[in-house]
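Before any comments, here is the structure.
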Amino acid sequence: MMKKFKLITLAILLMNSTYFFAQQTITDRKIQEAEQRKIENDLRNSLAQNHKELDTKITELKSKLKEAESQKKNLAQSEDNLKSTINKIEKLQTTNQKLENKITTTSISEEETLKLRIKTKENEVSIQKLKLTQITQQKELEKVLATL
């Protein structure tokens with residue numbers, strides 16, 4: 001009888017220890033699952049924040065790109081305007097030289113000479129105006145270059 005009692009007690013102890021280990025395993029698994037869910041949530045939040053920051057940076061870079069393209073366009077336009085003004089000045093100077101040559105080398109009437117001299121003076125006035133414009137355009141070009 002004592003042997004039976006010991007055997008039953010031993011069986012109960014074994015069942016209790018098995019139950020205890022099973023309970024501990026279940027508890028450990030629940031803790032691991034909770035930790036895993038927390039890690040996944042933290043990862044999702046971190047990813048969302050990173051995406052938001054990247055979107056902000058992309059928007060900022062697009063804005064800077066548009067601004068740079070605008071400045072590039074302004075620079076090209078300023079350079080073109082300056083070149084055009086310089087070409088106009090050169091053409092008027094060439095025209096004046098031709099007129100002066102015509103006045104000095106050919107025999108023409110005084111009335112024609114006066115007309116040519118008036119035309120030369122008009123061209124000189126236009127040249128001075130264009131030179132002022134050229135100075136203004138050079139300053140604008142320098143401003144555009146300074147912004148780059």
From DSSP H assignment alone, runs of 4+ in the chain each adding -39500 (n - 2.57), the sum over residues rounded to the nearest 500 puts [θ] at 222 nm at -36500 deg cm²/dmol
Heavy-atom accessible area of the chain with neighbours in place, 1.4 angstrom probe: carbon+sulfur share in percent works out to 59 percent
Taking placed amide H atoms and a strict 5 Å upper bound, the residues 5 or more places from ILE108 or on another chain that come that close are none
Note to self: with every protein chain in place and a 1.4 Å probe, the stretch 1-92 gives an accessible area per residue in Å² of 92 Å²
As straight-line cross-link partners of LYS139, the qualifying lysines (C-alpha separation under 26 Å, not fewer than 8 residues apart within one chain) are LYS64, LYS66, LYS72, LYS73, LYS83, LYS88, LYS91, LYS129, LYS131
Longest principal axis of the chain (C-alpha) makes with the long axis of helix 110-147 (C-alpha) an angle, in degrees to the nearest 10, of 20 degrees
The base-10 log of I(q)/I(0) that the Debye equation returns for the stretch 86-138 at q = 0.20 Å⁻¹, one scatterer per C-alpha, is -0.67
Under Stokes-Einstein, the chain at 37 °C and 0.692 mPa s, with its Kirkwood radius over C-alpha pairs, diffuses with a coefficient in µm²/s of 133 µm²/s
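The values are calculated or read from the model by the stated rules, or taken from the named source; none is laboratory data. Please read these numbers as outputs of a predicted model, since none were measured by experiment. Just the protein is used for accessible areas: all its heavy atoms, side chains included, with ligands, DNA and RNA removed. Shrake-Rupley method; radii C 1.70, N 1.55, O 1.52, S 1.80 Å.
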